[in-house]
Each structure stands twice: as structure tokens, then as C-alpha cells.
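Written out below as C-alpha cells is the structure these notes cover.
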Amino acid sequence: MANLKIKIGNLQLKNPVMTASGTFGYGTEFSDFIDISRLGAIIVKGTTLNSRQGNPYPRMAETPSGMLNAVGLQNKGVDYFIKQIYPTIKDIDTNIIVNVSGSCVDDYVATAERVNSLSNIPAIELNISCPNVKQGGMAFGTSCKSAQTVISAVRKVYDKTLIVKLSPNVTDIAEIARAAEDAGADSISLINTLLGMAINSETRRPILSTITGGLSGAAVKPIALRMVWQVAKAVNIPVIGLGGIMNAADAIEFFLAGASAIQVGTANFVDPTITCQIIDGINDYLERHGYSSISEIISALEE
């Protein structure tokens, strides 16, 4: 076996394969299919200060080589998570990371502060990039000033590893990433979904209740790969790559572009065992090419 261990801030991963928030529930939902303790980390579904009903149905749609979603961060709030969910997942033998979102800065701060008190949650992923909510979310990730405002505020109350998830729906992704680093991010994850829409031509109506939603899946990989490459060159903190990773070969491309770890999202809906297949595939690649460690191929793209 090659050495697949990687460090993100103070977070030690047994391997660089993580699950993307919103595609893997709280992890236990997949325990019938895989040994979830094999994963480098599980990022649980988006958590907000208060309970959210999410958007009206329909809120998912298949697209060529991908899918649109407009779930809208449906969850029962951070207090429910702490009381009901955390006890059931805190002893899983992997890193459990909470994806934190909000409608205003105070919401982000309050949620992060409460999660900070949980001893078995070593990191949060600050979601300033969700395109499926009417307030907050992506709005915070589309300018340097607003990104820095929310990240700096959270950094003051959160003392563990802080991952910031960026939106691709911006003009200059590297500029936003540098702002996040300056504000105290320990790592950058990207990309969140791209804003898209689908129309039923027979009814002349949008398919999603919200008209637009977040596009994910294989179709977005070239854009995600480009943005990871740009950001890895722009910052001095680890980059976590996601967006259209459907197999181990896709994951390898992200490492070569500069990602230190990757997240698997939409592929989990296609094959619930895909994360473990990707772990095995990464090891196979390293062995076939004579590498002893995953770190040897990070940013190893020959330009």
C-alpha cells in the first residue's frame, strides 16, 4: 500500500477521499454499502442555526452528464444535530466534518460556535457558496469583502480546522481564495455547484420550483479542475477539489492540478460504493507509477 495520509490544517486524514456535503447524509445511511470508517472524512449535510424546510418540490432534475438540485439546505438546525445526530456519529472511526451555512453573519458565528464545543468534530466546512437559498449562502462567496467578513467572524469563535467552500459563480476565483486565506481559512474547498436551470418544453415551465438550481456531476469537472488549478497556485493553504469526480482517474487529475484531497458528491447517487473504489484506485495508480506517497503527485502537473 502507498502512503495515502494527508494533512489539512490540523486535520489528519487516513486518505484524501472525503464525501461532499449534501450527497452522503450523515454517513450512517451508507454503512450498508461500504465500511464508512475507510473514508478520509465524511462531510455531513448542510447545517444551519435554525431548522429549514428547504425549497418546494420539485427540487432535483437530471441533466446530461449531471444533475440540478435546489434542495435549499433542508435540515433541523444545529441544536437538533447536537442532541440527536452527533451521538450516533461521534464514534465513527474517521473525521466527521460539519458543513455550516447561514443567512447572515451572526447565524454562521452562532452555528460554528456551537459545533466548536463538540469534541469529536475536528473541522467545519464553511459554506459561503450555496446557490439554492434566497438569503446568504452564495452571496457571501461572491465578493472578497463579504467573504472576509463572514470568515473573520467565524474564525474568532472557531479554533479547529476551518475549511471554506467557494462558489464557482464568480469572475475571479483566485481573488476570492486569497481573501479567504487572509481572513483565516485553513483550507479551501471548491467548487460548489454552478448555477443552472432546466425547462420542460412541453409545458413551457421550469422543471425546478425555484427555476434555477445547482449543477453538479461529470459535466462540471473541466470547470472545477481549472478552478482548483488556479486556486492552488494562488494560495499557500491546502486545496480540496470537488466537482464531477466520478472515478479514481478523475480524482488523480485533481491531485495533479494541486488538490491535497478530494470530495466525492454526485457519484454517490450513481454508485454508493464509489468512494471506496476511488480509494483503491488511487492506491493502484500510485503503485503502478512507482510513487510511495500521495503527496508526490500533488501539483505534479507538467506544464
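Of note:
- Long-range HN-HN contacts of Thr47 with modeled amide H, under 5 Å: Asn99, Val100, Ser101
- For the stretch 51-163, relative contact order (Cα pairs under 8 Å, six or more residues apart, normalised by length) works out to 23 percent.
- Protection proxy ranking for 107-115, 197-205, 91-99, using the average of other Cβ atoms within 10 Å per residue and placing the highest first: 107-115, 91-99, 197-205.
- Antiparallel content of DSSP bridges confined to the chain, in %, to 5: 40 percent
- Taking the helices alone, the chain has a mean residue ellipticity at 222 nm of -8500 deg cm²/dmol, built from -39,500 (n - 2.57) per DSSP H run of at least 4 residues and averaged over all its residues.
- Pairs spanning more than 32 Å between alpha-carbon atoms, out of Lys45/Lys156; Lys83/Lys145; Lys83/Lys156: Lys83/Lys145.
- ³J(HN,Hα) computed for each position of the stretch 252-257 - Karplus, 6.51 cos²θ - 1.76 cosθ + 1.60, integer Hz, glycine/proline x: 4, 4, 5, 5, 4, 6
- Environment charge at Arg288 (Cβ cut-off 15 Å; Lys +1, Arg +1, Asp -1, Glu -1): -4
- Extension gain, Ile211-Thr273: 0.36 nm per intervening residue step, less the Cα-Cα distance, totals 19.1 nm.
- Relative to its residue count, the stretch 1-78 spans a Cα convex hull of 148 Å³ per residue.
- Cα gyration tensor category, rounded, prolate or oblate, for the stretch 47-163 with a/c compared to 1.5: oblate
- Over the chain, relative contact order from alpha-carbon pairs under 8 Å, at least 6 apart, %: 20 percent
- Using a cutoff of 8 angstrom between alpha carbon atoms and counting only pairs six or more residues apart, the relative contact order for the stretch 246-301 works out to 52 percent.
- Stretched out straight at 0.36 nm per residue, the stretch from Lys76 to Ile223 would grow longer than its current Cα-Cα span by 49.7 nm.
- Distance from the stretch 231-303 to the stretch 144-187 (C-alpha centre basis), Å: 23 Å
- DSSP beta bridges confined to the stretch 144-303 are antiparallel in about 45 percent of cases.
Rule-based calculations on the coordinates, nothing more; no lab input. It should be emphasised that the depicted structure is a prediction, and the values quoted were computed from it without experimental measurement. Quick reminder, even Gly has a Cβ in these numbers, built from the backbone with ideal geometry, and neighbours come from all protein chains shown.
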